[in-house]
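The numbers here are math on the coordinates, done by the rules we state, and not lab data. No experiment lies behind these values; they were computed from the predicted model shown. Backbone-built Cβ (ideal geometry, glycine too); neighbour counts: all protein chains shown.
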Amino acid sequence: MKRLIVASLLLAVCFGSMAFAAEPAKDVLVLEGSAVEVGKMWGEVNKESILKAYNAFLARAKDKEKELRNFAKLSIELSGKIDCPYWIDELNAIADTVKIDRELYIAFTFGRYRDLALLYKGVGCTSFAVTPPATKNGQIIFHKTRETAPDLQAGYLKKITDATPGGKKPYKFFGEMGTADTGVSFFVNEKGLAGAADVPSQWQPNEWYVEPYKGETPDVKPPKYDGFMNHYVPRYIAEHCSNVDEVKAVLHSFVEKGYIASGKWGTNYLFADARGKVLQIADNCYKIVEENMDPALVKGGKTYKGIAFTILRENDYGSPEDALIDNYGKITVELVNSPKVSKHPAVWNLPRAQSSSTFLIDPKHPDKLTTIFVTLPAYGYSIPFLMGANATPKALMDGTVYQTQKEAFRYSEFYEAGVNDEWRRFIYSVRQKVEKGEDATKDFNEYFLRMVNLVLTMNK
């Protein structure tokens, strides 16, 4: 079993002609090993924020301890049924490291986002995929903007090496969530499968939503809390599915068996895989209420294959799909990951847009050359890195990047373009190594840290 390590990479980071300087981040963390090892490391890194969120949760649920413990026991039981007992091992290790109650922490992390303790009530989130024939050179692109209550946000690479009872080891994945959690809001895994779970904003028309939802209303009646909330279903899929066909089978199975819960609202999921196949699927906990394989954008009476949104939004500045339509057939990840699309003002709400990522899935080498453009918070500068890394800079995992950009961010297209230029140069050079079968892990890790430091410096 691979031993978890904390390394310090001393890099000479060049920031060109920028007139400011920042203390560079040096620590990187390898979240690869047994669930206990990974959990212990997560607890050590994020102890303070875990305690803060955990205590806030318990304060809101001070008269619900019995219900919370029952919910924890059910979560433990269900984790075993889906061959994920290592989830509980990881959570127990975190709880022991932070020195908090195991059962109550399990209840907290499994149930905090869908009003189990009336902690969060808002709706939001936007996911979309752009695939051939809409893209240039066959690019496969996936995006998610997460809207939620303000919490420290973390992005990380993770691979649990514990085998399930059937002998299958979980896949390595990149995930994003709050620093106090082990669930996943959005992800891409080593097989090139990307996905996200959205609170169903389109089912409650307000803000800048283009039109009311016309399908079956997925209100959960009665509300359902006994099951996996919508941040653990994506984690299961990230660790166990390689394409959208497998995802579809899992979601149908989970719904039929009663494993899914989400409080009062259903969940709208979007997935894309390395073949360029897209699945949009929604549930109301009790059944699947909507399902579309390779959905297409319809606007102005025209159909645009290869563009799929979970929700359409617009404001005085137009809509994010406008630029996609204008560039149909030649869309690139740089366009998608820009203020014209993913950072369009109609997509995010400044108080709630806590995180986002744009994934460029590499169909030939998804485990090495898939690019993750992670943005914390969603209106900050994106940090591009590649799936071939195995070490996450601590500053991205412990909320430092999120907090720095939230407090000091001032957007500049010039700086964003500079980050993209760095990415293009790196992926061109490292692709040659990968194509030759050479080990480029060190290159990936050093580049990842360099990009984190570049973005931190740009916000000083």
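Some observations on this one:
- Evaluated on the stretch 6-458, the Kirkwood hydrodynamic radius is 21.9 Å, with distances taken between all distinct Cα atoms.
- The Rg/Rh ratio for the stretch 332-373 is 1.08, where Rg is the radius of gyration of the alpha carbons and Rh is the Kirkwood radius.
- When the trypsin sites (Lys or Arg not before Pro) in the stretch 354-456 are filtered for DSSP coil states and for at most 13 other beta-carbon atoms within 10 Å of their beta-carbon, the remaining sites are Lys364, Arg410, Lys436.
- Hz values of 3J(HN,Hα) by residue in the stretch 308-321 - Karplus curve (6.51, -1.76, 1.60), Gly and Pro given as x: 9, 10, 6, 8, 9, 10, 7, 8, 4, 9, x, 10, x, 6
- Cross-link partners of Lys302 among aspartates and glutamates, defined as those whose alpha carbon lies under 14 angstrom from its own and excluding same-chain residues fewer than eight positions apart: Glu321, Asp322, Asp326.
- Alpha-carbon centroids, the stretch 65-85 and the stretch 291-336: separation in whole Å: 40
- Compared with the alpha-carbon gap, the fully stretched path from Asp322 to Lys257 is longer by 19.3 nm at 0.36 nm per residue.
- Cut-off 20 Å (backbone N to label point 7 Å along Cα→Cβ of Ala417), residues of the stretch 355-392: 380-384
- Using a simple spin-label model with pseudo-atoms 7 Å out from Cα toward Cβ, Ala149 and Tyr286 lie 2.8 nm apart.
- Across q = 0.16 Å⁻¹, the stretch 312-442 modelled as identical point scatterers on its alpha-carbon atoms has Debye log10 I(q)/I(0) values of -0.90, in the order of the q list.
- Cross-link reach list, lysines versus Lys52, counting only Cα pairs under 17 Å and skipping chain neighbours closer than eight places: Lys62, Lys99
- Annotation: aspartates and glutamates with alpha-carbon distance below 15 angstrom to Lys277 (same-chain offsets under eight excluded): Asp245, Glu246, Glu291, Asp294, Asp362.
- Across Lys159/Lys340; Lys81/Lys221; Lys257/Lys394, pairs whose alpha-carbon gap is larger than 31 Å: Lys159/Lys340; Lys257/Lys394
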